[in-house]
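S.K.: One structure coming up, written as structure tokens, with questions to follow.
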Ligand code: ATP
């Protein structure tokens with residue numbers, strides 16, 4: 001008898017505020033595609049706290065470990081422990097945020113055609129290590145500011161945050177960017193950006209590592225811009241870019257800006273990849289201001305699912321899902337309010353689902 005390959009497993013975390021309104025119909029939609037994937041929802045949040053005494057209990061951590069990937073709805077409050085585990089626990093260092101405009105998306109650009117680049121945000125270090133405290137705690141170090149030419153102790157009371165740019169952290173995410181540029185096979189170009197003129201040691205290091213790795217990829221064009229210059233170019237000449245890699249904080253900010261170029265946060269997906277694990281989530285937060293109204297745009301959530309299907313090896317299904325979403329925007333009659341329409345979240349998911357059926361019947 002041929003051995004039966006067990007189904008793949010994906011952990012689903014529906015998230016908080018408006019996130020479940022996007023996640024629940026999106027997960028149902030992907031389940032209906034009939035792929036050999038089991039979607040499991042381990043306990044999290046208030047329900048987990050009531051039953052197991054913790055918002056993010058051990059069995060949920062174990063379920064993440066045993067799954068092939070996690071599909072993550074944005075969280076706020078104590079369930080954010082799950083996000084910390086998915087990032088630092090699973091070492092998902094490359095936060096990949098594609099910015100691809102589809103005809104029909106309400107971009108503020110006069111000519112959004114050809115808008116198709118990917119921001120890679122280093123996901124684990126920089127200022128996001130959470131190394132903050134009282135300036136007075138650093139007094140014993142006798143530090144002197146290079147720019148202000150003043151002793152730290154002269155600044156008076158205040159707080160500090162440490163920005164760490166490591167060799168290993170930078171190398172692996174920059175290498176990931178070059179490999180992605182090769183795989184995409186589009187412009188075959190990598191841009192490294194940081195504030196290397198002011199932060200010569202830390203951000204300068206990131207850039208230097210970029211240059212060193214670029215030398216290993218002669219088939220990939222390489223350039224580098226100071227982050228503020230990059231931002232201006234991203235808005236005025238977005239078509240110049242292919243894959244752009246940057247430290248964590250800049251990536252967080254620039255990718256929301258890139259979502260704005262597409263037409264809003266509801267359109268921007270992301271996938272966070274490590275060497276052994278990946279999780280997928282919309283680039284937006286929990287959208288608390290629109291919770292409970294069934295109007296959150298599920299496009300970012302669905303496009304993240306398409307990235308996940310590709311990661312899991314379901315390339316055809318990923319392409320089909322992308323195509324079905326693209327058709328909704330091209331056709332333009334079922335759009336959520338953020339895109340100028342009056343459709344609900346579930347109506348948009350239903351429209352994507354219908355397009356999937358049409359494509360299935362055509363093939
Ligand atoms: P975070 O800091 O976690 O990114 P945030 O609170 O800064 O979260 P979001 O939750 O992303 O930001 O929301 C910012 C604004 O964008 C809100 O007005 C929200 O309603 C809107 N928004 C975010 N995502 C969507 C979406 N999918 N559909 C419609 N509007 C959205």
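Where a number appears in this text, it was derived from the coordinates with a stated rule and is not lab data. Note that the structure is predicted; figures quoted are calculated from it, not measured. Methodologically, a virtual Cβ is constructed for each residue, glycine included, from the backbone with ideal geometry; neighbour enumeration extends over all protein chains shown.
S.K.: Taking neighbour Cβ counts within 10 Å as the exposure measure, how do 295, 13, 174 sort from fewest upward?
M.R.: 295, 174, 13
S.K.: For the chain, what proportion of DSSP beta bridges, expressed in % and rounded to the nearest 5, is antiparallel?
M.R.: If we restrict to bridges inside the chain, about 45 percent are antiparallel.
S.K.: When the Cα centres of region 307-323 and region 15-49 are compared, how far apart do they sit, in Å?
M.R.: 18
S.K.: Taking a virtual spin label 7 Å from the Cα of residue 148 along the C-beta vector, which residues in region 126-141 bring their backbone nitrogen under 18 Å of it?
M.R.: Under cut-off, by backbone N: 132-141.
S.K.: What value, in deg cm²/dmol to 500, does the helix sum -39500 (n - 2.57) over DSSP H runs of n ≥ 4 give at 222 nm once divided by the residues of the chain?
M.R.: -12000 deg cm²/dmol
S.K.: What nm value, rounded to one decimal, do you get for the distance between residue 221 and residue 52 when each label is placed 7 Å out toward the C-beta?
M.R.: 5.0
S.K.: Starting from the Cα of residue 240, move 7 Å in the Cα-to-Cβ direction to define the label point; list residues of region 204-222 whose amide nitrogen is under 19 Å from there.
M.R.: 207, 211, 220-222
S.K.: Follow-up. Among 240, 68, which comes first, second and so on when ranked by fewest other beta-carbon atoms within 10 Å?
M.R.: Ascending Cβ contact count within 10 Å gives the list 240, 68.
S.K.: On a 0 to 90° scale, report how tilted helix 248-262 is relative to the longest principal axis of the chain, with both axes built from alpha carbons and the result rounded to the nearest 10.
M.R.: Helix 248-262 sits roughly 40 degrees off the main axis of the chain.
S.K.: Between residue 160 and residue 208, what is the FRET efficiency for a Förster distance of 22 Å, r being their Cβ-Cβ separation, to the nearest 0.05?
M.R.: Here the calculated transfer efficiency is 0.30.
S.K.: Only bridges with both residues in region 185-303 count here: give the DSSP antiparallel percent, nearest 5.
M.R.: Counting only bridges with both partners in region 185-303, antiparallel ones make up about 35 percent.
S.K.: A further question follows. Measuring from centroid to centroid over Cα atoms, what is the spacing of region 82-149 and region 331-363 in Å?
M.R.: First find each Cα centre; the distance between them is then 32 Å.
S.K.: What's the exposure ranking of 21, 212, going from fewest to most Cβ atoms within 10 Å?
M.R.: 212, 21
S.K.: Roughly speaking, what is the stretch gain from residue 201 to residue 65, that is 0.36 nm per residue apart minus the C-alpha to C-alpha distance, in nm to one decimal?
M.R.: Length gained, residue 201 through residue 65: 45.3 nm.
S.K.: Which residues does the label zone of residue 7 cover in region 51-86, counting backbone N under 17 Å from a point 7 Å along Cα→Cβ?
M.R.: Of the residues in region 51-86, 63-64, 66-71 have backbone N under 17 Å from the label point off residue 7.
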